[in-house]
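First the structure, in the form of structure tokens, and then the observations on it.
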Number of protein chains: 2
Amino acid sequence: MLSLHQLTCFLATYEHGSLTRAAEELGYAQPSVSEQIRLLERSLGVQLFRRVGRGVVPTTVADSFRPHAERVLASVQEAERAVASVRSFETGTIRFGMFGTARLYAGAGLVADVLERHPGVRVELIGQNSRDVHEDLRRGRLEAAMIAVPGLSSEGMTITPVARDELVYVSAHPDRLHAPLTPRRLADASLVMAETTWRATDSTRMVLRQMLHEVGRNPITRIEVEDVETAVELVGRGLADTVINKGAASQLLPRLAPEAGWVSLRPRQYDTIAIVHRAGATLSPAARLMIELATARIQAIAEPV
Amino acid sequence: MLSLHQLTCFLATYEHGSLTRAAEELGYAQPSVSEQIRLLERSLGVQLFRRVGRGVVPTTVADSFRPHAERVLASVQEAERAVASVRSFETGTIRFGMFGTARLYAGAGLVADVLERHPGVRVELIGQNSRDVHEDLRRGRLEAAMIAVPGLSSEGMTITPVARDELVYVSAHPDRLHAPLTPRRLADASLVMAETTWRATDSTRMVLRQMLHEVGRNPITRIEVEDVETAVELVGRGLADTVINKGAASQLLPRLAPEAGWVSLRPRQYDTIAIVHRAGATLSPAARLMIELATARIQAIAEPV
DNA sequence: CGGATCCATAGGTGCAACCTATGGATCAGA
DNA sequence: TCTGATCCATAGGTTGCACCTATGGATCCG
């Protein structure tokens, strides 16, 4: 089998016209280079040098072979350089998980943070929903993520809370916003909730369920939609109210429901935002970078813990 | 140090998402592939796969690295293919030595013979003069050659005569051509001889010297020029006569000296044409090809031995 | 012809690539 | 929840290769 080492020896020998000089340059003993050349000739099935008294002379086959050998070694160097540049964040892709609504109000800023520091990289923010992200983490497709808890079983995962984001009641009817929303009034409200596909595991719903169960009621939603934008738009039209993160509300309301406002719940309720990754994993520099930036960004909006 | 084997293992693992599958495909045991991947990761200083329960998952670094690894292996294959095609005379360069005048009347035909059989190759016919060729052979720059003997010391060389080519007297004066040229009349002739730089070792002159010494005369030339064409052209203008190979005469006279004719010497004299290469050398297929074709070509013109 | 230079060979050492066997973790299905 | 299957990591042992030094033979130069 042909090896890179053989090619290196070949080129050094070709350039110097001498096994001894090649060995000097490469820092080996002369018989070692001699052996490599012989192995290379044997594996190619051709003679590359004529041994002629003092020195060696390349054959025409060697002339033809040389540019190819150079190309191979050049592409190896290129490969190493590429990895080095990925390692120092000059290029390459950084992939990070982020649950749906957080991405809405911190994602763009996070991407901007990364690109400002490392202009050459690609960034992938993965995940519409916490459960997606969680699955990607379990499968190894994602190394780390920012995620809303509680929500999913966290066995085998290390969870580090970084902030909590208050849940607020959003309505286009000002009379419903004059005071914090009690569980009783929440139970009577006509709600539109987002992320219907994930309703069983959505962290916001879990918080609401908990709150209502304490007063003996079950949550009922009037409208179910997939994305938060649609929900907010429906609120804006006065068709229903909703409960979402305060961060999402401040981001979406001016644009999609300018007539609407929001008010806290009573008692105040929170989504906990955390960094999550597989337990026992050593995080890559890229993942640590994303965690640091995402934490800073989220803590500027939500309440640090 | 990064190795080709590591790259092969990396690509197989990347494609299958499994060390076990990769090992199966490559015909190794699973721990062997595992070790190669670990070595590759260590030499690159990055993690290429996340070990996640069942199977392994490539990191984004692996995504970036993969095309480079593929390029390296592709260029290795390309290099091997190139050598194979040289070996089977599909491409590459064939270099062969040939002394001056023989090249004049057999060189083009020889090149044509090679190209007809192997259209892709480059052909180099090296050497203006026997001594050049001989030196190239000694230095190893040439593997084999067709050469005129006697001429030079042949120590360390294997010489195989293939033909003899008669020397003829060429003149534009018909009255000088009515009978074979005796040594006495040769001594009185006004001669132009070619290859003046090599006059001491030129085989034709050595033959003439021998011939004249037998009748107690020394050769004197009136004009010395470098190339045979010039000599023949001077003969055509009637300014002098010359002695050259019959083959060269038949090739050059119609074109350069249509008025001139030739006649044998008495006794007839010959240049011996031989294949010469370093003693003890194993000849490459390319050299054997050239020897075979050159021999056939020269024997069609000169007299086989 | 003697010294210098260069490649090939011989013989020995150490590392690395490979194997088998086995343990631990995960996943699918009963 | 447990069991079997699957997959990777580790341990331990063997072989082969890459490397070394020492030396011989050939060539070149003075």
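Some points to look at:
- For region A:6-100, the relative contact order works out to 22 percent when only alpha carbon pairs closer than 8 Å and six or more residues apart are counted.
- Of all beta bridges that DSSP places with both ends in the protein assembly as shown, some 70 percent have antiparallel geometry.
- Quick note on region A:36-189: its Rg to Rh ratio, both from C-alpha atoms and Rh being the Kirkwood radius, is 1.38.
- With its label point defined 7 Å out from Cα along the Cα-to-Cβ axis, A:His178 lies at 14.9 nm from the matching points of the other copies, in increasing order.
- Only Cα pairs under 8 Å and 6+ residues apart enter the sum, and on that basis the relative contact order of region B:232-305 stands at 27 percent.
- Dimensionless Rg ratio for region B:1-104, taking C-alpha atoms and the 2.2 N^0.38 Å reference: 1.62
- With a 1.4 angstrom probe, the accessible area lost at the A-B interface totals about 3200 Å².
- Ascending list, in nanometres, of distances separating the B:Arg268 label from those of the other copies (7 Å, Cα toward Cβ): 12.1
- Of A:Ala144, A:Gly261, A:Gly216, farthest towards positive along the dipole that unit charges on Lys, Arg, Asp, Glu beta carbons give region A:93-304: A:Gly216
- Exposed loop sites were defined as GluC sites (Glu not before Pro) in DSSP loop states (anything but H, G, I, E or B) carrying at most 10 other C-beta atoms within 10 Å; in chain A the longest segment without such a site runs A:1-154.
- Accessible surface of chain A, 1.4 Å probe, proportion on carbon and sulfur as whole %: 49
- Inter-part distance, region A:68-108 to region A:264-300, computed on C-alpha centroids, equals 23 Å.
- Position B:Ser88, label points 7 Å along Cα→Cβ, spacing to each other copy in nm (shortest first, one decimal): 4.6
- Over region A:93-304, relative contact order from alpha-carbon pairs under 8 Å, at least 6 apart, %: 34
- The calculated 222 nm mean residue ellipticity attributable to helices in chain B amounts to -14000 deg cm²/dmol, summing -39500 (n - 2.57) over DSSP H runs of n ≥ 4 and dividing by all residues.
- Given charges at Cβ of Lys, Arg, Asp, Glu: chain B dipole, positive-most of B:Gly45, B:Gln77, B:Met206: B:Gly45
- For region A:3-49, the extents of the C-alpha atoms along the principal axes are 27, 17, 16 Å, listed from largest to smallest.
- Put a plus charge on the Cβ of each Lys and Arg, a minus charge on the Cβ of each Asp and Glu, and nothing anywhere else: the dipole of region B:93-304 about its Cα centre is then about 280 debye.
- Antiparallel DSSP beta bridges within region A:93-304, percent to nearest 5: 70
- Residues of chain B: accessible area per residue with a 1.4 Å probe, Å²: 47
- Stokes-Einstein D for region B:93-304, Kirkwood Rh over Cα pairs, 37 °C, 0.692 mPa s (µm²/s): 186
- Across peptide B:63-73, the mean count of Cβ atoms from other chains lying within 10 Å of each residue's own Cβ comes to 5.
- ³J(HN,Hα), Karplus 6.51/-1.76/1.60, whole Hz, each residue of region A:264-277, x for Gly, Pro: 5, 8, 10, x, 4, 10, 9, 8, 8, 9, 9, 8, 9, 8
- Spin-label model, A:Arg184/B:Thr158: points 7 Å from Cα along the beta carbon direction are separated by 11.4 nm.
- Ordering A:Pro180, A:Gly107, B:Ser64 by the projection of their Cα atoms onto the charge dipole of the protein assembly as shown, which places +1 on the Cβ of Lys and Arg and -1 on the Cβ of Asp and Glu, puts B:Ser64 at the extreme positive end.
- Dipole moment magnitude, nearest 20 debye, the protein assembly as shown about Cα centre, only Lys, Arg, Asp, Glu C-beta charged: 780
- In this label model, A:Ala84 and B:Ala74 are separated by 2.4 nm, measuring between points 7 Å along each Cα→Cβ vector.
- In units of the compact-protein estimate 2.2 N^0.38 Å, the protein assembly as shown shows a Cα radius of gyration of 1.73.
- All Cα-Cα separations within region A:88-137 were binned at 10 Å from zero, giving a P(r) of 27, 48, 24, 0, each value a whole percent of the pairs.
The values are calculated or read from the model by the stated rules, or taken from the named source; none is laboratory data. Bear in mind the structure is a predicted one, so any value in this text is a computation, not a measurement. As a convention, Cβ positions derive from the backbone with ideal geometry for all residues, glycine included, and neighbour counts pool all protein chains shown. Accessible surface areas use protein heavy atoms only, side chains included; no ligands, DNA or RNA. Shrake-Rupley method; radii C 1.70, N 1.55, O 1.52, S 1.80 Å.
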